[in-house]
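Please read the structure below before turning to the comments.
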Amino acid sequence: MSTIFSQIVAGDIPARVVYEDETTMAFLDANPLAPGHTLVIPKDEYERLNDVPEEVAADLYATLHRLVPAVEEAVDADASTVAFNNGEAAGQEVPHVHGHIVPRFDGDGGGPIHAVAGEAPDLSDDELDDIAADIDGRV
Ligand code: AMP
């Protein structure tokens, strides 16, 4: 069963498509958090960023890079929040990778992405060193 975003790619359900190339597509979010709220997806279906092959990831970033100024200019935004809900625990509802471009306006009442996680942990220097080394050892 294909995701709702694959159905948009296939043209089976309508969307306000603002950009399309061979491997990526961008369209307006159906429930916008702000005017111009846009989703950027790889056309092929990958659930999480972790699943996206490197060359598709490069295309995806290139499309985000291209769309951010276009979206901001189109709605005269002061800034934008660009983010992926990567996995269910992070709030991802559609299991097809998508980057959100949410235009932001001075005094819009929203917060920074620092507001998305729960209570911040109090980590010691040793714990931070261990985490950094662990990540470094995996890339
Ligand atoms: P997420 O929680 O990151 O998975 O966000 C999914 C987003 O997809 C939400 O912001 C929805 O409003 C949006 N969405 C769901 N269905 C559609 C659709 N058919 N067209 C455009 N946006 C959609």
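The values are calculated or read from the model by the stated rules, or taken from the named source; none is laboratory data. These numbers were taken from a predicted model, which means no experiment stands behind them. Don't worry about glycine lacking a Cβ; one is built from the backbone with ideal geometry, like all the others, and counts go over all protein chains shown.
Pairs under 8 Å by beta carbon, first residue on the phi > 0 side of the Ramachandran plot in segment 84-102, partner modelled with pLDDT of 95 or more and more than 7 Å from the ligand (Cβ to nearest atom), six or more apart or different chains?
GLY87/ARG48
Would you pick out the residues in segment 27-82 that are away from the ligand (no atom under 14 Å from the Cβ) and among the basic types (Lys, Arg)?
LYS43, ARG66
What are the residues in segment 1-18 that are farther than 21 Å from ASN86 by Cβ and within 14 Å of the ligand (Cβ to nearest atom), if any? Give the steps one after another, and end with the answer.
Initially, segment 1-18 is screened for residues farther than 21 Å from ASN86 by Cβ, giving 1, 7, 10-18.
Result: GLN7, ALA10, GLY11, ASP12, ILE13, PRO14, ALA15, ARG16, VAL17, VAL18.
When you scan segment 103-119, do you find a residue that is more than 14 Å from ALA34 (Cβ to Cβ), exposed (fewer than 10 other Cβ atoms within 10 Å of the Cβ), among the charged types (D, E, K, R) and more than 16 Å from the ligand (Cβ to nearest atom), even just one?
yes
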